[in-house]
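Shown next, in structure tokens, is the structure this report addresses.
The values are calculated or read from the model by the stated rules, or taken from the named source; none is laboratory data. Everything numeric in this text was worked out from a predicted model, so none of it was measured. Counting neighbours? That spans all protein chains shown, and the Cβs are built from the backbone with ideal geometry, glycine included. Keep in mind that these areas ignore ligands, DNA and RNA; they rest on the heavy atoms of the full protein, side chains included. Shrake-Rupley method; radii C 1.70, N 1.55, O 1.52, S 1.80 Å.
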Amino acid sequence: MRAEAGPLLAAVVLLGCSSSFPGRIEAASRDADSTRATSAIADTTRRTFPPPPSGIDLGRLTVEPLPQPPEAAPAIDVTAERKLGAASLEDVIRFHRAVILDMLPVSGPTEGALALPDGGGAIRLGIPLEPAQRTTDEPLIGSIAYGWGAPWMAFALGDPRAEEVEALDLDSLRFPLDRPSFRGPGEALTRLIPRGPAFSAPPGDTAGPGVSRTTLIYQRGGGNAQLAGIRLQTTAFRRRLYAAYTRNEANGWSPLLSAKTSRYALRAELGRVGVHRFELEGALHERTIEDSVSAGALSETPGRSEWDRRRIALSASHQGERFRDTWRVGFGTEKETWILSTDLNLSPQAGSREHWEFPTLSAEGSVTWRPASKLTWLASLRAASRKVLYRGPSVPEIHSRFEDARAHAGVRLELTPQAGMGLDGAYDARETQPSFSDARASLWGATGRARGRLDLESAHERPTWVDLLTPATLHDFVSPQPAYPLVQSLLFRSGDPGLRPRRLSGPVGSAGITPFEGFDLELYGSYRRLTDDFGWKVSADTSGGLFDVSSIAGPRGSGWVSHAALAWDLRRGPFRLRGVGWIRGGPDSLSPQAGSPPRRAVEAALEWRPVLFKGDLPLHIGVASHASGPRRGLIREAGQVTWDGSLSADFGSAGAFLRVRDVFDRRPGSAIWDPAFPAGAPTPGRTIQAGIAWSLLD
């Protein structure tokens, strides 16, 4: 396979043209702290003015900055991780946070859905204006021996790429103790705050977007894996401009044949109107995953899943001494399509399409008011109008429009400069669905070597429109002949329009401690009551000589769910030991069920950083282990331990790496259930990856 050179070449040419304005590029890439330091030096040379006349309140002349919230855990340096070969959100966070990773059997950067171990929701970056519409906790299925390919993956796969997340956009990931937003359950653990030129500074972050350099990445690896990307930050007409392009493609392992992703992103500063700064942002994301049914037949086209997501948004923001507001309006469309193989020997519906489309107009705004130095009021409102379109074989089409809105209000009280408490309330309404109210009480604090946060919350999570409106469909399949024994199978799938929002109520907390310099420990977990849980259940049975498989959305009942995790990071001289271990509790009948996740897992890495040639060549030699307990759901697999090895060199502005994954070729099962592989469709096994990350401008 070959990466498209046109967009990448155009970006490099644009970079070369922008280099004719060195002063502007230097200003665009300057560290925010350096900018503040330069301003401070400049102030000392200015002419001083006499004091104000008597009777003037000096306090009114002092601009008091908004307080910077303390961190719940050390930030993840994505720029450093990129030099070590991390090219996906899954690779970046797996040694830092407790997550369930439903891995796909594809080569290249790790891909798969990320979720909190107790079933509290998917791991996401920030708060997207238009959340992706995918099914909730639906197990992935696929088989070549039965002739299915990978059915319904276009609607069930909810990994970070569902919201066009790319690690190339990131400089770091932060975990502030204070969380101004309140969109759903467990946000302190499920929402990672991104830093980088593609993202606005989060509320309460007075340091701005931080430093970000123009970067070029290129990776090659086993399984024809190839990743190419460039991000460019520059200044034109005194306006900041950010553009990025990424293309990722790789072969898959049965039942997948290949995966291809391309993404364009743009963020531009338009200027100021009054006190508000206006910015325009947009993205174009396309993704295709082919299955390997009929892959060897010259006259047939394999089945595939396709995603197309496009959005554009205009934002306005104002950062004042006492008052701050942010507004954003956007339009986007999301398309998801499942296409069967054209081989009529496998299915009478060969070549048919099942398609969802969601054109959405969204608007949101948030206001922060600080009437006193220790008191802050928050308010936000979000509204969306979404058209739901569905087309499928032999079923009526769906053409509907739905509106929804969510209002939030909260208060923050500063107890000390590094501690505070907060109260939040929210009301959520959706057309044709029941409304609900959420509430949260929070307490957080930090000292020199300790920090922590505790939330007591009652928050809901709604089913998606795909959960609610998926019509009942039936597909016939016959196993490929003569390669496999003759088996006829029926695949049935249906949503449930009667699903209600589920509620999670209880404590969610985190605590960190630094026993001594160079050693950080982080503990976090939850214990919550899950009420009216819902999701998708996959069942299989043999009846009348047919293999019947059904995937049906429905309620799962109520019960208590929990998880506990410990993360560590020890740095002594040239050595570093880091990792995270977690366990989870709760009935098997409740979420999560997709991918049959284990009840315990440990991710650990040992790294050695020798320096050669008197400091001119810093190296990084690492060994990583991924251990998980047995999986006892639709997929049944014994506990697994896999090992990775890596070697990288840090040249300052560039880094090169060589990585070997699954060194002992264990090939554990993926998140795809295949009746021919009860332990899950195997992952690719031992693969070698190599690449470079190069910062073109300092």
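One table, with the values for the structure above:
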item	result
Assigned charges on the beta-carbon of Lys, Arg, Asp, Glu; the stretch 509-657 dipole about Cα centre (debye)	300 debye
Helix 5-18 vs. the chain, principal-axis angle (Cα, 0 to 90°, nearest 10)	10 degrees
Relative contact order (%) - criterion: Cα under 8 Å, at least six apart; region: the chain	13 percent
Alpha-carbon centroids, the stretch 477-529 and the stretch 431-467: separation in whole Å	18 Å
Distant-in-sequence amide H partners of Gly320 (H built 1.01 Å from N, under 5 Å)	Asp325
Of every Cα-Cα pair in the stretch 193-340, the percent that sits beyond 21 Å	58 percent
Phi-based couplings in Hz for the stretch 104-114 (Karplus 6.51, -1.76, 1.60; Gly and Pro marked x)	8, x, 10, 7, x, x, 4, 10, x, 5, 10
Cα long-axis angle, helix 32-43 against the chain (0 to 90 degrees, to the nearest 10)	10 degrees
Rounded to whole Hz, the Karplus (6.51, -1.76, 1.60) HN-Hα couplings of the stretch 477-490, x for glycine and proline	9, 10, 5, x, 10, x, 5, 10, x, 5, 9, 9, 9, 10
Magnitude of the charge dipole, the stretch 67-140, Cβ model with Lys/Arg +1 and Asp/Glu -1, debye to 20	180 debye
Set of aspartates and glutamates near Lys614 by C-alpha distance (under 20 Å), chain-local residues within fewer than 8 positions excluded	Asp650
Inter-label distance for Leu443 and Ala297, nm, one decimal - labels placed 7 Å from Cα along Cα-to-Cβ	6.6 nm
Burial order of peptide ranges 224-234, 420-430 (average beta-carbon count within 10 Å, highest first)	224-234, 420-430
Within the chain: Cβ-based charge dipole about Cα centre, in debye rounded to nearest 20 (Lys, Arg +1; Asp, Glu -1)	1500 debye
Heavy-atom accessible surface of the stretch 597-697: percent carbon and sulfur, 1.4 Å	66 percent
Glu517-Ala379 FRET efficiency (beta carbon distance; Förster radius 56 Å; 0.05 resolution)	0.85
Selection from Phe613, Ala671, Ser695 lying farthest towards where the dipole of the stretch 597-697 points positive, charges on Cβ	Ala671
Gain in span if fully extended, Leu486 to Ala638, counting 0.36 nm per residue against the direct Cα distance	51.8 nm
Protein-only accessible surface order, largest first, of Thr326, Thr470 at 1.4 Å	Thr326, Thr470
Charge dipole (the chain, unit charges on Cβ, about Cα centre) - positive-most of Leu474, Gly392, His285	His285
Given the chain, longest segment not containing exposed loop GluC sites (Glu not before Pro) (DSSP; at most 13 other Cβ within 10 Å)	5-320
27 Å Cα-Cα reach of Lys260 towards lysines, excluding residues that sit fewer than 8 places from it in its own chain	Lys83, Lys335
Shape box of the stretch 646-698 [Cα atoms, principal axes, largest first, Å]	52, 22, 9
Accessible-area ranking of Ile635, Ile127, largest first, probe 1.4 Å	Ile127, Ile635
The chain, helix-only ellipticity at 222 nm - DSSP H runs n ≥ 4, -39,500 (n - 2.57), divided by all residues, nearest 500	-2000 deg cm²/dmol
Unit charges at the beta carbon, dipole of the chain: most positive-side option, Pro417, Thr246, Ser305	Pro417
Estimated vicinal HN-Hα couplings, Hz - the stretch 320-331 in sequence order (Karplus 6.51, -1.76, 1.60; Gly, Pro = x)	x, 5, 10, 10, 9, 9, 9, 10, 8, 10, x, 10
